[in-house]
Amino acid sequence: MLKVGLTGGIASGKSVAAEMFRQLGAHVIKADEIAHRLMEPDEAVYAEVVRQFGSGILNPDRTINRSALAEAAFGEAVRNRPSRVQELNRIVHPAVIERQEQWMEQVGKRDPQAVAIVEAALILEAGAADRFDRIVVVTCRPEQKIERWARRMKIDEETARREVERRTAAQLSDADKIKTADYVIDNSGSLDETSKQVRTLYANLSTEASKQI
């Protein structure tokens, strides 16, 4: 089995690429979906997040309001106060990585020649790159990230710009991510152009996976 980390900045197109890989036959899991599950009320991560960030991040039904949590973690930096995003990451990342490892182990047992892809924004920032055989970075132009985030969230571009900038400030730059990448997918063109890159890359990864046995 070949373990692949798929990463990139906000609105770069990671999920688009991940879905293309899935359709080609790769096993794919999203770190963000794991984090969502870990923040459900019966999870230890939920309890620690609420303890650190307070009940103000909760909805009336005691579930975590993700917008409120994002504001608590990222928002302070906008007001020239220390960001708490690293504090949040220290709580969430170890548990997410543990679940990823469990998932990859299960995939390997079922399919020894699998290409197992973890889609995650902060693979490099979390120091988890060495858990993968290959790192793939998805990129696009900075203005495209803003336009895409605005469309996705149904907000105006100025609001999108502020959100993209504050989240980007908590991540490595695209240039730094590319330096560590084994492969780069340029998602600044059409979907067809991205798809061609993904198909070519998947063929390479599948060949590598078949040699892992």
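The values are calculated or read from the model by the stated rules, or taken from the named source; none is laboratory data. Because the structure is predicted, anything quoted here is derived from the model rather than measured. When we count neighbours, we look across all protein chains shown, and the Cβ atoms used for this are built from the backbone with ideal geometry, even at glycine.
Brief remarks on what is shown
- Among (1) loosely packed, with under 13 Cβ neighbours inside 10 Å; (2) modelled with pLDDT of 95 or more - the single one residue 39 does not satisfy: (1)
- Flag for residue 10 being in a loop (DSSP other than H, G, I, E, B) and surrounded by 14 or more Cβ atoms within 10 Å (Cβ to Cβ): yes
- Of the residues making up the stretch 91-109, those that are polar (S, T, N, Q) and either under 16 Å from the mean Cα position of the chain (by Cα) or not in a helix (DSSP H, G or I) (or both) number 1.
- Residues of the stretch 1-49 satisfying the condition of being aliphatic (A, V, I, L, M), in contact (Cβ under 8 Å) with a residue 24 or more places away in the chain and closer than 14 Å to residue 64 by Cβ: 35, 38, 39, 44, 45, 49
- Subset of the stretch 117-130 [over 15 Å from the mean Cα position of the chain (by Cα) and buried (at least 16 other Cβ atoms within 10 Å of the Cβ)]: none
Matching residues to (1) crowded, with 16+ Cβ neighbours inside 10 Å; (2) over 15 Å from residue 134 (Cβ atoms):
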position: 166; (1), (2): yes, yes
position: 170; (1), (2): yes, yes
position: 180; (1), (2): no, no
position: 184; (1), (2): yes, no
position: 200; (1), (2): no, no
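- Taken together, the criteria exclude residue 62 from residues that are basic (Lys, Arg), assigned to a helix (DSSP H, G or I) and either out of contact with any Gly (no Cβ under 6 Å at 6 or more places or on another chain) or surrounded by 15 or more Cβ atoms within 10 Å (Cβ to Cβ) (or both).
- No other residue among 86, 100 is closer than 30 Å to residue 188 by Cα and modelled with pLDDT under 95 apart from 86.
- Just one of (1) of a type outside the set (D, E, K, R); (2) assigned to a helix (DSSP H, G or I); (3) more than 16 Å from the chain's Cα centre (by Cα) fails for residue 164. It is (3).
- Selection from the stretch 136-154 of residues that are over 15 Å from residue 8 (Cα atoms), of a type outside the set (D, E, K, R) and surrounded by 14 or more Cβ atoms within 10 Å (Cβ to Cβ): 150
- Positions within the stretch 113-154 being farther than 20 Å from residue 33 by Cα, aliphatic (A, V, I, L, M) and touching an Asp or Glu at 6+ places or on another chain (Cβ under 8 Å), in sequence order: 146, 150
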